[in-house]
Structures are given as structure tokens and as C-alpha cells.
1. Which entries of Lys25/Lys257; Lys210/Lys257; Lys166/Lys213 have Cα-Cα distances beyond 28 Å here?
2. Obtain the nm distance between the two label points defined at Lys80 and Cys32 by a simple spin-label model: each point lies 7 Å from its Cα along the Cα-to-C-beta direction.
Amino acid sequence: MEIILEYAIIDNFVIDWILLNISLKILKFPICKKRIALSCFLGTIFACVSPLIALIGAWGVAAKLLVAYFMCIIICLSFKAGIRLWIAFSGITFCFGGLLIAVFSYLNIPTNVGLINTYISPLPMGIILGGGVLFSILASKMAKIVRKRNQVQVLELNIRLNNKKKMVMGFVDTGNLLHSSSGRAVVVVEEDLLKFWLSDAQRMALFLKKFDKTDLSNIEQIAVNSMGATYMMTIFDADIDINGKSMPISLGISTHKLGNKDYKAIVGSEIVEVCNV
């Protein structure tokens, strides 16, 4: 029984502690060490008594998943947040257990695999624990890389038109590859911003597509593909300043909200690179 308790305490308590911390960091949930310890203690108790219950097959899997969910509830104190943590914790646990089993298989180390990620190996517990720490470091670094890539980049754009300059918050979208027929990169803005640069008569003429009455330079329409649909966008010449550097652009008019209250414009990465932001 001593060997079983050794595996139960180290493999379940310590490794669960590591994997729960990884899950919480990925989800950006607050970390409470006392609740994590209580959660790991619950998992350890189940690991000690589960051999006596002798649950097999689907019942054994369901029991372990249920215990894992209660472990997450203890930490989050919320059923909804507990589900999110349970999904992340289960996925990361599968990844870690699968990685260890793959390494054991590659090194020809005999391993008995139980339900979920319970395994028994002749390797010292220190090596398994070290693998957990290494997995934690790698997972944390990968999470940071993913968050950095998915981070929304918003910057200040100073758009100049009709001798008027307005600061607009712009979202940098690498998918914005729109250009005018003369080759100018297109910055898309919401239509309601036009009232700063244009008169009501100019805006109405623009809406009615009476372009000769707008007094705008190189006004034209280009085809835009968005969400599987194609529509025509009106664009015309303007200028933009970013970090003190200026360049000519085409201003594209969106007749609908751009999807986020934090920005009113969408700028392509080409403009950002030219201005060396």
C-alpha cells in the first residue's frame, strides 16, 4: 500500500497542482493557493479510494471526470466558470499524460496505463515530477505566445481630410489588403465619422452616390469581401499621420459598426509598417 500512496500523493496532488495552475493561467482566472490545495486534496483522496471501488470502463471514466469537475468547482466557486476550468484542466491533463506515455514508449520504459491518465512506471517519482514542471514551463510559454498573437493591436490614427484633422482609434488588421485603383492603401472608418470632415450636403451626396457633388478626390467604389458576402465600398483620397509620420491613403466608408467600441477604424499592417510603428 506504501507504493500506491506514493503515486497517489505525488502523481495526483503535485501534478494536479501544476496542471490546475497552468489551466488557471491560460484562462486568466485568479489563483487561490488554498482552494487549489483543497482541490488537489480531493483528487488525492479519490485516487486512494478508487481502487477499492473498482469502477471499470465508462463508469470509471465518468467518475474521474466528475471528480475533476468538483475539483474545478472548489477553485472557481461558480458552476459556469467551473465548466470552463474543467474543460481546460481535462484537456491539459490528457496532453500531459499522453506526452509522458509517448516518451515512455519511445524510451521502451514499461508503463501500465489506467483510466484517464493514471499510469504506473518504474521511473523514480522525481523524474515524473520534473516532467510536470517542464511541461508547466512549456505550456505557460506557449500560452503567452498565443495570447500575444491574438492580442488586439489598437493605435492612434490622425486622419486628415479637407484641411481638418481628427484622431481616431484604429484596429490593426493584417487581413485588410484593400487598395484604390491608384494603389493607395485603404483605411476603413465608420460612416458617422464623416460629419467631422464633410457637410450634411456632402454626406447626402455620398449616400446617394452623386459623387460629382462631394468635392472629394479620386472617389470610386471597390469590391469588398466580408463574411462570405461581397459589397461595394466607397473610397476617396485622404492622408494619415501615425507617430508623426504621414502618408497618403484612401478612406473607405463602412455603413455598419466595425465590431468594437474601442476603435472606429481598421488599418492594414502595410500602413503601420510604412510609418514604422
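We did not get these values from a lab; they are worked out from the coordinates using the rules stated. If you're wondering where the values come from, they're calculated on a predicted model, not measured in any experiment. Counting neighbours? That spans all protein chains shown, and the Cβs are built from the backbone with ideal geometry, glycine included.
1. Values: Lys25/Lys257 33 Å; Lys210/Lys257 24 Å; Lys166/Lys213 23 Å.
From the list (Lys25/Lys257; Lys210/Lys257; Lys166/Lys213), the Cα-Cα distance tops 28 Å for Lys25/Lys257.
2. Label at Lys80, label at Cys32, 1.8 nm between them.
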